[in-house]
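S.K.: I have a structure here, written as structure tokens, and I will follow up with some questions on it.
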Amino acid sequence: MSAPRDQHFLIDQRAVEKIAGFVDVSGRRVLEIGPGEGVLTRALLDRGARVVAVEIDPALVDELELLFADEIMEGRLEVIPGDATKVDLPPFDIVVANLPYSASSKITFRLLESGFEVAVLMYQKEFARRMIAQPGTPGVGRLSVMVQTYASVKPLLELSPNSFRPKPQVRSWVVRITPHEPPYPLVDRQVYADVVRVLFSHRRKTIRKGLRSGKGTFEPEAIERAIAGLPDDLLRQRPEDLMLEEFALIANRISRCLNDELPANG
């Protein structure tokens, strides 16, 4: 069977066993996104997991339902047809998946919003490297800041194109993502996400100019009041220069200005 869309089927059985064994899934409800032909699904079921598999390709959904008819009947597997960036997700404890590379960012953000105990996810290597880029370094971006605000990321395994059919043009990384509370208090998580998005949408601009470019997102008056109360040396920096604490400082200041909790220079 040919791979649909940008899916590459994992055919390295040793890698499958490693991925399925990185966390204890026995008796846990495991979300798998993009099960494909079901090799990882099988390994998870063999380890005692109760699997919810979300598959976008209708032909593969049919194949999975035939292949795992017994497990579905026993209630150990549920196959949900649909796009994992949009479809309703049932409750789950753990995520183990070979994510479609083109939707990696959207799915990762959605998973972090949904909440889970731990995830073992496969990404394009360069995407995963961006996830762990440290704040204050040139490689940092919106992905790095948002993921590291809400989770820790640890690389576990690197795979070559030979591990897949068809072979991708890139190497892949499997990482463990463990959610945690933000390291600094956030007044409004949505405002924080908007601030990070706006600033990295204008990453060549200073923080002052970047915030002013976000007036379509925030009320212009609130932005000006927030800028008036932020340190000038902070406003002269660029997004890649900031630490997580400084993103939180900016977002919290804007949140309070939006709620009229602060005077113009308070």
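The values are calculated or read from the model by the stated rules, or taken from the named source; none is laboratory data. These numbers come from a predicted model, not from an experiment. Note that each Cβ is placed from the backbone with ideal geometry, even for glycine, and that neighbours are counted across all protein chains shown.
S.K.: Does Glu246 satisfy the criteria of being within 24 Å of the chain's Cα centre (by Cα) and not assigned by TED's automatic domain parsing to the domain that holds Val147?
M.R.: Taking the combined requirement at face value, the residue satisfies it.
S.K.: Continuing with this model, one more query. If we scan the range 71-92, do we find a residue that is within 26 Å of Phe127 (Cβ to Cβ), without any contact (Cβ under 8 Å) to a residue 24 or more places away in the chain, of a type outside the set (Phe, Trp, Tyr) and surrounded by fewer than 21 Cβ atoms within 10 Å (Cβ to Cβ)?
M.R.: yes
S.K.: Please find, within the range 117-150, the residue that is surrounded by the fewest Cβ atoms within 10 Å (Cβ to Cβ) out of those that are among the charged types (D, E, K, R) and part of a helix (DSSP H, G or I).
M.R.: Step one: of the range 117-150, the residues among the charged types (D, E, K, R) are 117, 125-126, 129-130, 142.
With part of a helix (DSSP H, G or I) added as a condition, the list becomes 125-126, 129-130, 142.
Working: Lys125: 15, Glu126: 12, Arg129: 15, Arg130: 18, Arg142: 19.
It comes out as Glu126.
S.K.: Sort out which residues of the range 79-131 are more than 14 Å from the chain's Cα centre (by Cα) and aromatic (Phe, Trp, Tyr), and write them in order of number.
M.R.: Hit for the range 79-131 is Phe92, nothing else.
S.K.: Please list, ordered by first then second residue, the pairs with beta carbon atoms under 8 Å, 6 or more apart or interchain, first in the range 198-209 and under 10 Å from Gln237 (Cα atoms), second among the hydroxyl-bearing types (Ser, Thr, Tyr).
M.R.: Between residues of the range 198-209 that are under 10 Å from Gln237 (Cα atoms) and residues that are among the hydroxyl-bearing types (Ser, Thr, Tyr), the close pairs are Lys205/Ser213.
S.K.: Among the residues of the range 32-59, how many are within 14 Å of Met122 (Cβ to Cβ), of a type in the set (A, V, I, L, M, F, W, C) and not in a helix (DSSP H, G or I)?
M.R.: 1
S.K.: Is one or more of the residues making up the range 57-64 in the same structural domain as Val174 (by TED's automatic domain parsing), within 22 Å of Trp173 (Cβ to Cβ) and touching a residue at least 40 places away in the same chain (Cβ under 8 Å)?
M.R.: For the range 57-64, residues in the same structural domain as Val174 (by TED's automatic domain parsing), within 22 Å of Trp173 (Cβ to Cβ) and touching a residue at least 40 places away in the same chain (Cβ under 8 Å): absent.
S.K.: Going by the structure shown, is Pro168 part of a loop (DSSP other than H, G, I, E, B), touching a His at 6+ places or on another chain (Cβ under 6 Å) and under 30 Å from Asp24 (Cβ atoms)?
M.R.: yes
S.K.: Being touching a Leu at 6+ places or on another chain (Cβ under 7 Å), surrounded by 15 or more Cβ atoms within 10 Å (Cβ to Cβ) and not hydroxyl-bearing (Ser, Thr, Tyr) narrows it down to one of Glu219, Glu246, so name that one.
M.R.: Glu246
S.K.: Sort out which residues of the range 43-67 are farther than 16 Å from Ile33 by Cα and in contact with a helix residue (DSSP H, G or I) (Cβ under 9 Å, 6 or more places away or on another chain), and write them in order of number.
M.R.: Asp46, Arg47, Leu67
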